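S.K.: Quick one: the structure is below, and I'll ask about it shortly.
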Amino acid sequence: MRLLLVILLFPFMLFGQSITAPPGRTYQVSTSGQDASGFVISGFTSETLLTSVGLVNPPSGTTFSITTTTGLSFATGYNTWSNITRVSFTGTQANINNALASLKINTGATLGNVQISVSTTINPAGYYYNATNGHFYRPIASGATYTNAKTLSTQQSFKGQTGYLVTITSADEQNFIIANVPQNNIWFALSDRLQEGYWRVDAGPENGTLINIGNYNGNPQPGTYQNWCGGEPNDAGGEDYAVTKWGGGGCWNDLPDNYSCAYIIEFGTWSNPADATFTGFYTANTTNTVAITNTLTGTVTIPAGLTSRPLLTLYRVVNGSDVLVDYKTVATNGTYTFTLPNQNSTYKLVPSLTIQGITSADFNLVWLEAQNINTPDNTAVGLVMTGTKQWKAADVNENGVLDLGDAYLISAHNSGYRLINKVLWFNPTDYDSITRSNFNTINSVTSFILNVVTSNITQNIKYCILGDVNLSHSSN
């Protein structure tokens, strides 16, 4: 009996209907054709599906395009696959998955988060799905009074949800209705019957919300949407109820209850498609970031023969703390690349290097140069340190002067005491400006602070090893 149970359950588990979503991505601003693939519908066979793709509250200028559309048909109200924020279409599972694999994001100059929502269900005749809020809409062409339309709406159910007379709470929803509903003069749930001039949402999850006070456009309430025709509402003859698409346009008018108008039943009480609870309906969402995706490229000057490569560690500075982003060992050619996904962020690049290359040759240079410096006529031996950066490397005790004490430290280091263990890192312009006379005023840095505000930045780095006086393992 247990074996039989497993056999019966297996097909159900294998062919469960669902949509899977890809992980969130970071998209570069002002760039078209960025990959948004990864949504996959599964578990259906030969049924015709209604699928919708929409962007939920995208940053200004962000749209999407679908480049593979074989076997698909637009749902009512849609006519393009390019540079859109919402589309609904029908087709088989295979053709729809091909379309989803070709999904591309196009961004404008505005930063922010963009939620991509994909939904599918077996195609329901006479219903329209809004991918922005995850609601279904059913237009009723036969006329009814406002009161009857409101009552009849609540007597309908669809995919486990009770209907209500449509509410219009955003320009997106208004535009959706204009695009998908052919009738004009359509009742929607807005009324001032309880108090003249106080227009409140009259059904659905926003029931009771005050959006406007007064006639002739009145006093719109902050944070609400309305689209009255010019001079409306005007309460001409006791007009306490609202219609949209007045006279075939997109604006609103007030009418009395004795008018017979078309109406729309709305199903769904949530504002985000991710929260939809329709039965036999499947949805998936992914939240992405539109940002400046910065690529940090840079170079480190590496002397010939250097076998130990600098390690570059990148941190992002968050609330005063360093958060590790990535680390790389600089390649032989001295270049490295990091991707910095956050605009207007501060990063810290910290280099490190194994000390090497301090030899008796370095001691000899410092010994001879120090003797020359201490000779009154400055000519007894002659200048032996001709490289300008040599002075910075030779000042191993970092007291700002070059003397025999530096030579003794190098000698002790080479004798096994290992007293020197420091690399000085510089911005190249600073390093290249070091001379015999100013070496004690040119400061090195322990890290490089990167304030990221552009799409590509470059950080060049040079260094010298204290004690490496002949610069055999330091930058030239």
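The values are calculated or read from the model by the stated rules, or taken from the named source; none is laboratory data. Just so you know, these numbers come straight off a predicted model, no measurement behind them. Cβ placement follows ideal geometry from the backbone for every residue including glycine, while neighbour counts extend to all protein chains displayed. Accessible surface areas use protein heavy atoms only, side chains included; no ligands, DNA or RNA. Shrake-Rupley method; radii C 1.70, N 1.55, O 1.52, S 1.80 Å.
S.K.: For region 134-168, what are the residues that are open to solvent by 20 Å² or more (accessible area, probe 1.4 Å) and either assigned to a loop (DSSP other than H, G, I, E, B) or within 28 Å of Ile84 (Cβ to Cβ) (or both)? Spell out how you get there, then give the answer.
M.R.: Filtering region 134-168 for residues open to solvent by 20 Å² or more (accessible area, probe 1.4 Å) gives 138-143, 145, 147-148, 150-152, 154-162.
If the condition is that a residue be open to solvent by 20 Å² or more (accessible area, probe 1.4 Å) and either assigned to a loop (DSSP other than H, G, I, E, B) or within 28 Å of Ile84 (Cβ to Cβ) (or both), then Arg138, Pro139, Ile140, Ala141, Thr145, Gln155, Gln156, Phe158, Lys159, Gly160, Gln161 are the ones that fit.
S.K.: Looking at region 85-98, can you tell me whether even one residue there is surrounded by fewer than 16 Cβ atoms within 10 Å (Cβ to Cβ), over 30 Å from Leu165 (Cβ atoms), under 25 Å from the mean Cα position of the chain (by Cα) and not aromatic (Phe, Trp, Tyr)?
M.R.: Looking for residues that are surrounded by fewer than 16 Cβ atoms within 10 Å (Cβ to Cβ), over 30 Å from Leu165 (Cβ atoms), under 25 Å from the mean Cα position of the chain (by Cα) and not aromatic (Phe, Trp, Tyr), one finds none in region 85-98, hence no.
S.K.: Oh, and also: So which residues in region 272-330 are over 24 Å from the mean Cα position of the chain (by Cα) and within 30 Å of Ser18 (Cβ to Cβ), if there are any at all?
M.R.: Matches in region 272-330: Thr277, Phe278, Thr279, Gly280, Phe281, Tyr282.
S.K.: From Ser65, Ser60, Ser73, which residue is free of Cβ contacts under 8 Å to residues at least 40 places away in the same chain, touching a Gly at 6+ places or on another chain (Cβ under 8 Å) and polar (S, T, N, Q)?
M.R.: Ser73
S.K.: Condition (residue is in contact (Cβ under 8 Å) with a residue 60 or more places away in the chain and outside any strand (DSSP E or B)) applied to region 115-124: is it met by at least one residue?
M.R.: yes
S.K.: Only one residue in Gly320, Gly305, Gly405 is on the phi > 0 side of the Ramachandran plot and either modelled with pLDDT of 85 or more or buried (at least 19 other Cβ atoms within 10 Å of the Cβ) (or both). Which one? Don't jump to the end; show me each part of the working.
M.R.: Details: Gly305 fails: either modelled with pLDDT of 85 or more or buried (at least 19 other Cβ atoms within 10 Å of the Cβ) (or both); Gly405 fails: on the phi > 0 side of the Ramachandran plot.
When all the criteria are applied, what remains is Gly320.
S.K.: Of all the residues that make up region 337-368, how many are in a strand (DSSP E or B) and modelled with pLDDT of 85 or more? Explain how you work it out, then say what you get.
M.R.: Looking only at region 337-368, we keep the residues that are in a strand (DSSP E or B), and these are 337-340, 345-352.
Those left that are additionally modelled with pLDDT of 85 or more: 346-352.
Of the residues in that region, 7 qualify.
S.K.: In addition: If only one of Gln226, Gln174 is touching a residue at least 60 places away in the same chain (Cβ under 8 Å), within 25 Å of Tyr129 (Cα to Cα) and under 42 Å from the mean Cα position of the chain (by Cα), which one is it? Working first, answer last.
M.R.: Numbers: Gln226 fails: touching a residue at least 60 places away in the same chain (Cβ under 8 Å).
Among Gln226, Gln174, only Gln174 is touching a residue at least 60 places away in the same chain (Cβ under 8 Å), within 25 Å of Tyr129 (Cα to Cα) and under 42 Å from the mean Cα position of the chain (by Cα).
S.K.: If a residue has to be open to solvent by less than 60 Å² (accessible area, probe 1.4 Å) and either without any contact (Cβ under 8 Å) to a residue 12 or more places away in the chain or of a type in the set (D, E, K, R) (or both) to count, how many in region 183-214 make the cut?
M.R.: Number satisfying all stated conditions: 4.
S.K.: Out of region 286-300, which residues are open to solvent by 20 Å² or more (accessible area, probe 1.4 Å) and either in contact with a Lys or Arg (Cβ under 9 Å, 6 or more places away or on another chain) or assigned to a strand (DSSP E or B) (or both)?
M.R.: If the condition is that a residue be open to solvent by 20 Å² or more (accessible area, probe 1.4 Å) and either in contact with a Lys or Arg (Cβ under 9 Å, 6 or more places away or on another chain) or assigned to a strand (DSSP E or B) (or both), then Thr287, Thr289, Thr295, Thr297, Thr299 are the ones that fit.
S.K.: Evaluate the following for Asn258: is it without any contact (Cβ under 8 Å) to a residue 40 or more places away in the chain, under 22 Å from Thr145 (Cβ atoms) and either within 33 Å of the chain's Cα centre (by Cα) or open to solvent by 40 Å² or more (accessible area, probe 1.4 Å) (or both)?
M.R.: Answer is no for this residue.
S.K.: Okay, moving on. Could you please give the count of residues in region 236-264 that are at pLDDT 95 or above, within 16 Å of Asn217 (Cβ to Cβ) and in a loop (DSSP other than H, G, I, E, B)?
M.R.: 2
S.K.: If you don't mind, another one. From the list Val469, Val423, Val381, pick out the single residue that is at pLDDT 90 or above and either touching a Gly at 6+ places or on another chain (Cβ under 9 Å) or more than 27 Å from Thr346 (Cα to Cα) (or both).
M.R.: Result: Val469 is the single residue among Val469, Val423, Val381 that is at pLDDT 90 or above and either touching a Gly at 6+ places or on another chain (Cβ under 9 Å) or more than 27 Å from Thr346 (Cα to Cα) (or both).
S.K.: Among the residues of region 236-255, what is the count of those that are aromatic (Phe, Trp, Tyr) and loosely packed, with under 15 Cβ neighbours inside 10 Å?
M.R.: Result for region 236-255: 0.
S.K.: Does Thr45 satisfy the criteria of being surrounded by fewer than 14 Cβ atoms within 10 Å (Cβ to Cβ) and assigned to a loop (DSSP other than H, G, I, E, B)? Give the steps one after another, and end with the answer.
M.R.: Details: surrounded by fewer than 14 Cβ atoms within 10 Å (Cβ to Cβ): yes; assigned to a loop (DSSP other than H, G, I, E, B): yes.
Yes, satisfied.
S.K.: Turning to a different aspect of this structure: Taking the options Thr435, Thr446, Thr429, name whichever one is closer than 20 Å to Thr354 by Cα and hydroxyl-bearing (Ser, Thr, Tyr).
M.R.: Numbers: Thr435 fails: closer than 20 Å to Thr354 by Cα; Thr429 fails: closer than 20 Å to Thr354 by Cα.
Just one listed residue meets the conditions, Thr446.
S.K.: Among the numbered criteria (1) more than 18 Å from Gly24 (Cα to Cα); (2) open to solvent by 10 Å² or more (accessible area, probe 1.4 Å); (3) at pLDDT 95 or above, which one does Ala75 miss?
M.R.: (3)
S.K.: What residue, of Thr283, Thr279, is in a loop (DSSP other than H, G, I, E, B) and farther than 30 Å from Ser472 by Cβ?
M.R.: Thr279
S.K.: Continuing with this model, one more query. State all residues of region 77-98 that are more than 15 Å from Glu173 (Cα to Cα) and touching a residue at least 40 places away in the same chain (Cβ under 8 Å); if no residue qualifies, say none.
M.R.: Thr90, Gly91, Thr92, Gln93, Ile96, Asn97
S.K.: I want to confirm something. Restricting to region 455-476 and keeping residues that are of a type in the set (S, T, N, Q), within 28 Å of the chain's Cα centre (by Cα) and open to solvent by less than 60 Å² (accessible area, probe 1.4 Å), which single residue is nearest to Thr354 (Cα to Cα)? Before you say what the answer is, go through the steps one by one.
M.R.: In the first step, residues of region 455-476 are kept if they are of a type in the set (S, T, N, Q); the result is 455-456, 458-460, 470, 472, 474-476.
Going one step further and asking which of them are within 28 Å of the chain's Cα centre (by Cα), we end up with 455-456, 458-459.
Applying the additional criterion that residues be open to solvent by less than 60 Å² (accessible area, probe 1.4 Å) yields 455, 459.
Details: Ser455: 33, Gln459: 21 Å.
Across region 455-476, the extreme among qualifying residues is Gln459.
S.K.: Which one is nearest to the chain's Cα centre (by Cα), of the residues in region 392-422 that are in contact (Cβ under 8 Å) with a residue 40 or more places away in the chain and assigned to a loop (DSSP other than H, G, I, E, B)? Can you show your working first?
M.R.: Of the residues in region 392-422, the ones in contact (Cβ under 8 Å) with a residue 40 or more places away in the chain are 392-396, 398, 400, 406-407, 409-411, 413-414, 420-422.
Still in the list and also assigned to a loop (DSSP other than H, G, I, E, B): 395-396, 398, 400, 420-422.
Values: Asp395: 49, Val396: 48, Glu398: 47, Gly400: 49, Ile420: 47, Asn421: 43, Lys422: 41 Å.
Only one residue fits best here, namely Lys422.
S.K.: Among the residues of region 51-80, write down those that are assigned to a loop (DSSP other than H, G, I, E, B) and either within 19 Å of Gly108 (Cβ to Cβ) or among the acidic types (Asp, Glu) (or both).
M.R.: If the condition is that a residue be assigned to a loop (DSSP other than H, G, I, E, B) and either within 19 Å of Gly108 (Cβ to Cβ) or among the acidic types (Asp, Glu) (or both), then Asn57, Pro58, Pro59, Ser60, Gly61, Thr62, Thr80 are the ones that fit.
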